[in-house]
1. Using each residue's phi in the stretch 106-112, evaluate 6.51 cos²θ - 1.76 cosθ + 1.60 at θ = phi - 60° and report the 3J(HN,Hα) Karplus result to the nearest Hz, with x for Gly and Pro.
2. Size of the chain along its principal axes in angstrom, Cα-based, largest extent first?
3. How much length, in nm to one decimal, is gained on full extension between Ala167 and Leu97, taken as 0.36 nm per residue of separation minus their Cα-Cα distance?
4. Straight distance only, please: which lysines reach the Cα of Lys202 with their own Cα at less than 27 Å, same-chain residues fewer than 8 apart left out?
5. Starting with the fewest neighbours, write out Thr2, Thr214, Thr10, Thr100 ranked by other beta-carbon atoms found within 10 Å of each beta-carbon.
6. Rounded to whole Hz and in sequence order, give me ³J(HN,Hα) for the stretch 219-233 from the Karplus expression 6.51 cos²θ - 1.76 cosθ + 1.60, θ = phi - 60°, writing x for Gly and Pro.
7. Greater than 18 Å separation of Cα atoms is the criterion. Which listed pairs, Lys68/Lys166; Lys40/Lys111; Lys111/Lys166; Lys75/Lys122; Lys4/Lys166, meet it?
8. Please give, to one decimal in nm, the separation of the simple spin-label points placed at Arg126 and Asp107, each 7 Å out from Cα toward the Cβ.
Amino acid sequence: MTDKRVALVTGASKGIGRAIALRLAQDGIYVVLNCSAHPKEAKAVAKEICAAGGEAEVVPFPVDDGEKVIDAVDKILARLGRIDILINNAGITRDGLLMTMNPTDFDKVMKVNLYGTFYCTKAVIRQMVRRRWGRIVNIASISGMMGNAGQASYSASKAGIIGFTKAVAREVAERNITVNAVAPGFIDTDMTKAMSEELREKAAEQIPVGHFGTPEDVARAVSFLVSEDSGYITGQVLAVDGGMSM
Ligand code: NAP
């Protein structure tokens, strides 16, 4: 048990999820870091948080497996008493033009990005409703707002997350629970490191501020959206994209 607010951050072993976990811990929140394939990396993030005076633990589970999500969340709730904040950050890409995109890859992207968001939100929402306080932030993407060639599956999953965010926000608004989405543009993480130098330069040309963002840029927006100060903001999509989607 802890007196602090408790946050579950999915996909927190690296990249944007790692930065969000570090930031929320700095904000005085007890952070449960989730990941799937790389628990060692997630444990290193938890260690970094604890070394800086924060509190964190790691609970690995695949967000795309509904039963494992329920099992893991129930165990966290039994131990810590509550989850006040959920950050649905875990996400993957399987990029390719539609003509060559296979159904297995399409399915996997939907499963992790969209179903993962659904499973985790459903698993935590009842106890938030009961306690009449909660903050949910879903990490979407400007690909879900603008579309992106070569990312039909990813864009569809992220557009789905935006619709999901607004629907759930309406369902729980009266219970003092806010549900918002953050839509990053191009952020420097492993996900974008796979891009060729030529593609990166082309992408940067489309960004009004002229460069990729950092995971910390996204984490700062999330920090605000889970704070007391943002209680009157719900169902919104906040682009953190250097102006790219305006
Ligand atoms: P990343 O560096 O590739 O990290 C992805 C994270 O998701 C890892 O911690 C990974 O953990 C976790 N993950 C993947 N599959 C999972 C599963 N089935 N269950 C649980 N965790 C899983 O990606 P990122 O760039 O930080 O992206 C984070 C989020 O931001 C994603 O939703 C992404 O779509 C979104 N986003 C990123 C950008 C960008 O430019 N980077 C732009 C827009 C939106 P394991 O490796 O341990 O499995």
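1. Result, ordered by residue: 4, 4, 5, 5, 4, 4, 6 Hz.
2. 50, 37, 35
3. 22.2 nm
4. Lys202 reaches Lys14, Lys158, Lys193.
5. Details: Thr2 12, Thr214 15, Thr10 28, Thr100 8.
By the 10 Å Cβ count, ascending: Thr100, Thr2, Thr214, Thr10.
6. Per residue, the Karplus-derived 3J(HN,Hα) values read 4, 5, 5, 5, 4, 5, 5, 9, 7, 4, 4, 9, x, 9, 10 Hz.
7. Details: Lys68/Lys166 26 Å; Lys40/Lys111 24 Å; Lys111/Lys166 20 Å; Lys75/Lys122 15 Å; Lys4/Lys166 28 Å.
Beyond 18 Å between Cα atoms: Lys68/Lys166; Lys40/Lys111; Lys111/Lys166; Lys4/Lys166.
8. 2.9
A short reminder: the numbers here are calculations on the coordinates, not readings from a lab. On a predicted model such as this, the values are computed, not experimentally measured, just so you know. Here the Cβ is made from the backbone with ideal geometry for all residues, glycine too, and neighbour counts use every protein chain on show.
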